[in-house]
1. Can you name the residue in the range 1-27 that is more than 20 Å from residue 86 (Cα to Cα) and touching a residue at least 40 places away in the same chain (Cβ under 8 Å) and, of all such residues, is surrounded by the fewest Cβ atoms within 10 Å (Cβ to Cβ)?
2. With the condition kept exactly as written, say whether any residue in the range 57-75 is modelled with pLDDT of 90 or more, closer than 16 Å to residue 89 by Cα, out of contact with any strand residue (DSSP E or B) (no Cβ under 8 Å at 6 or more places or on another chain) and surrounded by 15 or more Cβ atoms within 10 Å (Cβ to Cβ).
3. Considering each of 214, 257 in turn, give the residue that is within 15 Å of the chain's Cα centre (by Cα), under 18 Å from residue 125 (Cα atoms), buried (at least 18 other Cβ atoms within 10 Å of the Cβ) and assigned by TED's automatic domain parsing to the domain that holds residue 130.
4. Residues to consider are 114, 132; find the one that is within 28 Å of residue 274 (Cα to Cα), touching a helix residue (DSSP H, G or I) at 6+ places or on another chain (Cβ under 7 Å) and not assigned by TED's automatic domain parsing to the domain that holds residue 46.
5. Taking the range 29-66, which residues are within 22 Å of residue 296 (Cα to Cα) and part of a helix (DSSP H, G or I)?
6. Pull up the range 67-94, narrow it to residues that are part of a loop (DSSP other than H, G, I, E, B) and more than 17 Å from residue 18 (Cα to Cα), then point me to the one that is farthest from the chain's Cα centre (by Cα).
7. How many residues does the range 164-181 contain that are out of contact with any strand residue (DSSP E or B) (no Cβ under 7 Å at 6 or more places or on another chain) and either in contact (Cβ under 8 Å) with a residue 40 or more places away in the chain or assigned to a helix (DSSP H, G or I) (or both)?
8. Output yes when any residue across the range 198-215 is within 16 Å of residue 142 (Cα to Cα) and either without any contact (Cβ under 8 Å) to a residue 40 or more places away in the chain or not in a strand (DSSP E or B) (or both), and no when none is.
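The values are calculated or read from the model by the stated rules, or taken from the named source; none is laboratory data. Model, not experiment: these values are computed from the prediction. Positions of Cβ are generated from backbone atoms using ideal geometry, with glycine treated the same way; all protein chains shown enter the neighbour counts.
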């Protein structure tokens, strides 16, 4: 890949390089080739510069960062952040280049009614990984499960390594009731899981965006999300709860959300879908990224979403 990328740059076939994420060899190649051939580089960290991400991982990361990854990233012409919090991560790491703040887009599925279920559904959908906060979700569910016997907790997603076993063992230790552990769902099955739920929860420690939140909202399901993800607008738009990281905050949000009648949660879901359709379509995000590319290559008036402070 390094040889091919260098050949593309040397032949004039590449006007700009856009790198996504960090910590793998291809993420170094982009910086090396951009520096050697003087080609503009856009870097999208994709959450890898968050405090949680920088503190986790192996000891090798401490060596890799100053000697390899940071120098390759330093030649970036313009950074791309998916939220204000990721912009702050970029600045905290000492990079002063312009930053384009452009959220991820979200697919807009066909609008369908929720199916009738004998029980009410609280849904987690995402990677079964330590960063997602399942170690907080399960104790919080243990604290409220007897108060809300009509509700079930459904945990959907692929597991990283042996973490699913760890979470199942925690569930057994806590004596959890009405918890369904499912594997990964894709396509229409995934969208149906969002629609079937009355409330979605993401108790994450760190997210640069949190695509599952956008998918839940566009499916008409209000969301409970910790401040580890940049979703302040959940409260501002009255489409969910944006809470502190911790078991107590989760318990409080469950006591509020799960006690609400279906009609009230449905109204929150309608507002959430309208918000996603208006401002998070892939067409709009593609237009913003295209204008950012044009500004990097041609200059002129900077787009309104570009920060140079």
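1. The selected residue is 15.
2. yes
3. Details: 257 fails: within 15 Å of the chain's Cα centre (by Cα).
None of the other options fit; the residue is 214.
4. Values: 132 fails: touching a helix residue (DSSP H, G or I) at 6+ places or on another chain (Cβ under 7 Å).
Unique residue meeting the criteria: 114.
5. Initially, the range 29-66 is screened for residues within 22 Å of residue 296 (Cα to Cα), giving 29-46.
Within the range 29-66, 29, 30, 31, 32, 33, 34, 35, 36, 37 qualify.
6. Step one: of the range 67-94, the residues part of a loop (DSSP other than H, G, I, E, B) are 75-77, 82-83, 93-94.
Then drop every residue that is not more than 17 Å from residue 18 (Cα to Cα), which leaves 83, 93-94.
Working: 83: 10, 93: 20, 94: 23 Å.
Among residues in the range 67-94 that are part of a loop (DSSP other than H, G, I, E, B) and more than 17 Å from residue 18 (Cα to Cα), the one farthest from the chain's Cα centre (by Cα) is 94.
7. The first filter runs over the range 164-181 and keeps only residues out of contact with any strand residue (DSSP E or B) (no Cβ under 7 Å at 6 or more places or on another chain), leaving 165-166, 169-170, 172-177.
When the remaining residues are screened for being either in contact (Cβ under 8 Å) with a residue 40 or more places away in the chain or assigned to a helix (DSSP H, G or I) (or both), the result is 165-166, 169-170, 172-174.
Summing the residues that are out of contact with any strand residue (DSSP E or B) (no Cβ under 7 Å at 6 or more places or on another chain) and either in contact (Cβ under 8 Å) with a residue 40 or more places away in the chain or assigned to a helix (DSSP H, G or I) (or both) in the range 164-181 gives 7.
8. We begin by selecting, within the range 198-215, every residue within 16 Å of residue 142 (Cα to Cα); these are 201, 203.
Imposing the further condition that a residue be either without any contact (Cβ under 8 Å) to a residue 40 or more places away in the chain or not in a strand (DSSP E or B) (or both) reduces the set to 203.
Yes - at least one qualifying residue is present in the range 198-215.
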